[in-house]
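First comes the structure, then the notes that go with it.
The values are calculated or read from the model by the stated rules, or taken from the named source; none is laboratory data. Everything numeric here is computed off the predicted structure, so don't read it as measured data. Positions of Cβ are backbone-derived with ideal geometry, glycine not excepted, and every protein chain shown enters the neighbour counts.
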Amino acid sequence: MINKQIALIFSLLFITLSAFSQVEERVKPEKEEQKEKLPLSQRIVFGADFGLSFGSYTYIKLAPTVGYRLTNRLTAGLGPIYIYARDKYYDLESSIYGGKIFTSFTVYQGTQKENRFGIGDLMLHIENEVVNVDKFPTTDRLWIDNVLLGAGLYQTLGGRFGVSIFVLWDVTQNFYSPYYMQNPVFKFGLNF
């Protein structure tokens with residue numbers, strides 16, 4: 001009889017301990033809880049880079065972009081390009097049009113709350129522009145590739161709005177490129 005009571009006590013103790021061990025505890029650190037997936041509306045980014053120069057050489061560039069945040073640090077996108085250029089000295093005028101694809105990777109996220117250096121995000125950037133240009137001195141046109149790579153800074157100005165500046169190098173150095181012999185190329189952009 002005592003053996004049955006001892007066995008019953010051990011059985012109840014074992015069942016109680018088993019039931020107690022089934023309690024779930026949170027094992028995720030707080031930072032991982034904050035890294036929830038962003039909704040689609042926050043993953044899509046709009047922006048534009050532009051250039052203006054007036055005088056004996058007029059240069060107007062408009063290049064709106066739409067991008068997608070693949071991760072918190074990696075963004076890829078595309079957009080059209082239009083460049084108007086006029087040189088009064090040589091009496092040349094041209095319209096350049098096409099498109100581009102780009103990828104930006106954030107190396108250092110300086111826009112975070114714990115930023116102690118007072119700078120924005122430090123980014124690596126690569127883009128490929130495919131543009132249709134005039135083939136001077138003839139009136140023919142041709143399509144060329146411009147591969148630009150470099151680094152830059154992105155600074156938020158409030159909410160999702162921010163500005164970026166990139167220092168890029170034209171690694172293809174095509175003779176008909178709008179960036180021919182102009183390394184480095186500085187790009188200024190707005191993002192939202």
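Looking at ILE83, ILE101, which one is in contact (Cβ under 8 Å) with a residue 60 or more places away in the chain, touching a strand residue (DSSP E or B) at 6+ places or on another chain (Cβ under 8 Å), part of a strand (DSSP E or B) and closer than 23 Å to ILE144 by Cα? Please lay out each step first, then the result.
Details: ILE101 fails: in contact (Cβ under 8 Å) with a residue 60 or more places away in the chain.
Testing whether each residue is in contact (Cβ under 8 Å) with a residue 60 or more places away in the chain, touching a strand residue (DSSP E or B) at 6+ places or on another chain (Cβ under 8 Å), part of a strand (DSSP E or B) and closer than 23 Å to ILE144 by Cα leaves just ILE83.
Does any residue of region 81-100 turn out to be in contact with an Asp or Glu (Cβ under 8 Å, 6 or more places away or on another chain), at pLDDT below 90, surrounded by 13 or more Cβ atoms within 10 Å (Cβ to Cβ) and aliphatic (A, V, I, L, M)?
Checked region 81-100: at least one residue is in contact with an Asp or Glu (Cβ under 8 Å, 6 or more places away or on another chain), at pLDDT below 90, surrounded by 13 or more Cβ atoms within 10 Å (Cβ to Cβ) and aliphatic (A, V, I, L, M).
Which numbered condition in (1) modelled with pLDDT of 95 or more; (2) on the phi > 0 side of the Ramachandran plot is the only one that GLY118 fails?
If we test GLY118 against (1) modelled with pLDDT of 95 or more; (2) on the phi > 0 side of the Ramachandran plot, just (1) comes out false.
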